[in-house]
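Written below as structure tokens is the structure these notes are about.
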Amino acid sequence: MLKSAQRELEATVNRLEAELREERQKEKELVALREFVFSLDQEPVQEREELPDLNRFAGAIVGGHPRWQDRMRQLLPEWVFISSENFDVKVLDRVEVIVLFPAYMSHSHSPPT
């Protein structure tokens, strides 16, 4: 009977240790996510002058964090910015370049209009 109780306690300890490892991993991911979001508020340290002039293209950007989209709108005022799945597809008629940011896109289940 004592060995049975010991095995049960060992199983409980193992389960709790696994839960603790999982929580620590979640905490690491949360810290990384928080640092990423805070980095979106930071201005770029140095602008690269060798970047091509994207304003010469008619383009669209789909997805991306709203604050990042606001900054990009200043750099690319003629481009179309799409932040949800519900948009008028006619805005893409004149578009030559589409840039997708799937890591930050709407997950709406409504069909596009």
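The values are calculated or read from the model by the stated rules, or taken from the named source; none is laboratory data. For clarity, every value in this text was computed on a predicted model and none was experimentally measured. With ideal geometry, Cβ positions are generated from the backbone for all residues, glycine too; neighbour counts draw on all protein chains shown. To get the accessible areas, we keep the full protein, side chains included, count just its heavy atoms, and leave off ligands, DNA and RNA. Shrake-Rupley method; radii C 1.70, N 1.55, O 1.52, S 1.80 Å.
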Since Val37 meets every condition but one in (1) open to solvent by less than 70 Å² (accessible area, probe 1.4 Å); (2) at pLDDT 80 or above; (3) not in a loop (DSSP other than H, G, I, E, B), which condition does it not meet?
(2)
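Among the residues of the range 1-30, write down those that are small (Gly, Ala, Ser) and surrounded by 10 or more Cβ atoms within 10 Å (Cβ to Cβ).
Going residue by residue through the range 1-30, those that are small (Gly, Ala, Ser) are 4-5, 11, 18.
The answer is Ala11, Ala18.
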